[in-house]
Structures are given as C-alpha cells and as structure tokens.
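The values are calculated or read from the model by the stated rules, or taken from the named source; none is laboratory data. None of the values given here were measured: they were computed from a predicted structure. In this analysis, Cβ positions are derived from the backbone assuming ideal geometry, glycine residues included, and neighbour counts consider all displayed protein chains. Just so you know, the surface numbers come from the protein's heavy atoms only, side chains and all, with ligands and any DNA or RNA stripped out. Shrake-Rupley method; radii C 1.70, N 1.55, O 1.52, S 1.80 Å.
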Amino acid sequence: MNQSETLFKEAVRYIPGGVNSPVRAFGSIGTTPRFITKADKAYMWDEDGQRYIDYIGSWGPMILGHNHPDVRQAVIDACDKGLSFGAATKAEVVMAKLICDIVPSIDMVRMVNSGTEAVMSAIRAARGYTKRDKIIKFTGCYHGHSDGLLVKAGSGVMTAGVPDSSGVPSSVTSDTLTAEYNNPESVRLLFDKFGEEIAAVIVEPVAANMGVVLPQENFLQELRDICDRYGSILIFDEVITGFRLSLQGAQGYFGITPDLTTFGKIIGAGMPVGAYGGRRDIMELISPVGNVYQAGTLSGNPVAMAAGITQLTLLKEHPEFYTELNKKSDDFFNSIIKILRQKNLPWQVNHIGSIGSLFFTEKPVTDYSSAKSSDVKAYARYCNKMISRGIYIAPAQFEAMFLSLAHTSQDIAQTLDAVSESL
Ligand code: HOZ
C-alpha cells in the first residue's frame, strides 16, 4: 500500500468519504485519491513523491501557476502583520478598486469567502432589489452548495447522479426554476409563465461544471434581452471564467454586460475568497447601507487580499499573458482533437480560452443531456491512465481542465504523448 492509500484508509474513518469535497475522492474513477504534499509552477507532488503535471490548478485560480513567487511573498509579508482582524483594512479598498477598475459592469463589490457564498449573496441582493422570489438556473450549471441552488446542479452533484441533494427543504427550492443551457426557448417559456415573479437569471456564461460547454451564438444576449424586458437581474457566475477567459472574464470575452457578477478563488490566487459585485443601485442595498443582510468575519481577510491583489495586478499589467495562455491552450486542445482524428475516435473536445473538456460521446456537447451522454466508464479508464502517467486531470468527467502560464511546451508535449497513449 502506498502513502496515499494508507492516508485514505485513515481519512475515511474521520472525514466523510475521506475528503472535504466529494469530487476529489476519486469515486467516479474507481480509484483512491492522491494525497498532495506540495505544488510549484505546473506541478504537484503526492505523498509518495510522484510528480504530476497539474491540469486542475486548484480548479482554476492558479492561472499564473502554483506558488508564484510574487504571490507567495505577498502572503508572507501579510502574515507577518497578522492573520485576521475582523476589521476594515486598506487592502480591501485596494482590492475593491482593482476589481471595479478591471470589470466595467462592477460599480461596487463585496468580498466574501467562497464562490458558494458569493452566489448565495448575489441572489439575495437580486431578490431584495426586485422584491421578487423566483430565480432561473440552468440544468448542469453549478453555483456552489447553498440550498436553493442544489437543483439539477452540475459538478459533483452531477457525477454522483443525484440532481437534487437530500437535506434541502422543498420549500427552499420551490422558487428555483430550471431551464436548459443553450435553449433560450426554455427560458422564454418560464418567463411567459412567471415573468413578473422572476428576480434573476443566473448562468455560468461558459458552463464548466458539466464539463466545459460553450454558450451558443446569441444565447447570452437572449438572456440579457429577456431580463431587460421583464426587469429581472442577470447574474453571471464567473467563478470559473472570471479573470481567466480574459481580464474581464466571460463578460469581456463575449461583450455582454450582466447586472451582477460572482467570483471565487481566482481573486484570492487560490486563497479562500469570493466576491460579488455589479450595479451600484443594486449593491447599495447591501447592509449596512441597505437592508439586504450579508456579513462575515473572514470576508476581506488580509492574507487573502494580499494574494489576490498581487495576482490581479500582475494580470492587469500583463495583457500579453492572456494572448500567450489562450494560444497555448488552443494549440493544446486542437492537438487532442488531432490525436482523436488520427485514431479515428469520435469523441468530443470542447474548449475556450484556457479551459476545456474531453467527452467520450459522439454527440456534440451543448447542454446537460448531451454532456450526460458521455461514457463515464471510458472517462474513468482514460483518467486513471493519465494520472498513472503523471498527468493530473479532473477525477470526474463533468469538470474542466485548466491550463496555466506555468505549463511549458515540454509539459504540453509530455501531456499530449500521455493523451495519445491513454486513448
Ligand atoms: N466541485 C469542485 C469543482 N467544480 C471541486 C472542488 C474540490 O474538490 O476542490
């Protein structure tokens, strides 16, 4: 038994499933998780000393690569001054200004501690503003694990095949309506029926929690238009796409302006952070200015702010990072497509910017049901082969691969060899 297996055996005695987040239990690929000891640049090492080229990047935030020296130094400097104050700091002002400067749709922003918290709070703000209760989400989109959003959700919920979590009162989800991703007609039908009651439409502008699924032409614009027509709030959940697809996230990439935006770990460079922000008239309803309550001792934590400010500043000052990263990623995913063609395999690769997914299905993947048509057993075999070859990809089909600026051409070449052999 290796170190990871020994640790996992012990972990399951004390932690449900041996992990603190379901997907990382490796359950859907039928093996045991690798226990990670350290990460640097594009690599992670496990307890047995095995090195992996990492395509998770802590599920997105490591856009500069792991353990970036500037981010690390900023964290060390912040730690020297204390870990948490539960009081206002200059760093919070710097961070808020930075986000508002970078993202034109954001007039004001509130820091929280995770993407889950950001979404939960943005929905509350939208409901407070519109004085309506219903929201629309899309089947297969994942917006964290708050009660009202665990309805036909993606990510681990989809992998586990339990579209609705146990323990969530039906009274809490009765105002959550679901439409189909890339299907504006399904949204129109809900608005026809409930239009004046719909507070918000929340969407991952690029769905990345049923694997990566791109928005079809006009889909996001249709959402913008219908929200305008009915006075509903359009919320972009940019936990995955924010500061990644472009400096201005998916909204910058596609040129669509949401009313509210949610961010997650990327704005903390991997530290536990989230934020929500948007139109001033909505954000001014947040307590203590208005009567939409939301609070938290760790919100705007000084160590997390230091890490996030450093990463966002670097990204802001180096627009060429995006050109480089997106070109590298395009080449990478296109090479996988080429390998599939050479091997006469009909599988699908969806990709945009520096995220992408390989689906084991012949159907183009455009929504939840086509994503679900992927052969998850084939993914499991492929994934285990990749991991045993030292390439760490998501241990579940319905997640994304993330590239970073730290992936070298040699890393990519090694990965493509592994892809070819594993396929
Ligand atoms: N469900 C998360 C990705 N969409 C994974 C979280 C984790 O295991 O860290």
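The chymotrypsin sites (Phe, Trp or Tyr not before Pro) of segment 268-359 that DSSP puts in a loop, and whose beta carbon has at most 13 other beta carbons within 10 Å, are Tyr293.
Using a 1.4 Å probe over the heavy atoms of the protein chains, calculate the carbon and sulfur portion of the accessible area of the chain as a whole percent. Mind showing how you got there, number by number?
Values: 9120 of 17760 Å².
Accessible surface attributable to carbon and sulfur in the chain totals 51 percent.
Peptides 231-241, 55-65, 74-84, ordered by how many other C-beta atoms sit within 10 Å of their residues on average, highest first, read 231-241, 55-65, 74-84.
Which net charge results when you count Lys and Arg as +1 and Asp and Glu as -1 among the other residues whose beta-carbon is under 15 Å from that of Phe359? Before the final figure, lay out the partial values.
Working: positive: Lys363, Lys372, Lys377, Arg381; negative: Glu362, Asp367, Asp375, Glu399.
Result for the local shell: 0.
From most to least packed by mean Cβ count within 10 Å, the peptides 334-341, 141-148 give 141-148, 334-341. Considering only DSSP beta bridges where both residues belong to the chain, give the percentage that are antiparallel (nearest 5). About 60 percent, rounded to the nearest 5. Among the listed pairs Lys81/Lys327; Lys316/Lys372; Lys193/Lys363; Lys41/Lys327, which have their C-alpha atoms separated by more than 29 angstrom in this model? Over 29 Å apart, Cα to Cα: Lys81/Lys327; Lys316/Lys372; Lys193/Lys363.
Might you tell me the accessible area per residue for segment 53-165, computed with a 1.4 Å probe and given in Å²? Show your work: numbers first, answer last.
On the way: 4650 Å² over 113 residues.
Value for segment 53-165: 41 Å² per residue.
Only Cα pairs under 8 Å and 6+ residues apart enter the sum, and on that basis the relative contact order of segment 70-172 stands at 14 percent.
Suppose a student asked you for the relative contact order of segment 349-404, using Cα pairs under 8 Å spaced at least 6 residues apart; what percent would you report? Numbers along the way, then the final one.
Details: 58 pairs, mean separation 19.9, N = 56.
This gives 36 percent for segment 349-404.
Taken over segment 103-226, the alpha-carbon convex hull comes to 122 cubic angstrom per residue.
Label point of Gln73 set 7 angstrom out along Cα-Cβ; within segment 267-307, amide nitrogens under 15 Å from it belong to 307.
May I ask for the Kirkwood hydrodynamic radius of the chain, worked out over all distinct Cα pairs and given in angstroms to one decimal? Can you show the working numbers first?
Numbers: mean 1/r = 0.0457 Å⁻¹.
Kirkwood radius, the chain: 21.9 Å.
Counting only heavy atoms of the protein chains and using a 1.4 Å probe, Arg381 has close to 140 Å² of accessible surface. In segment 1-143, the ratio of gyration radius to Kirkwood radius, Rg to Rh, stands at 1.03 when only Cα atoms are counted.
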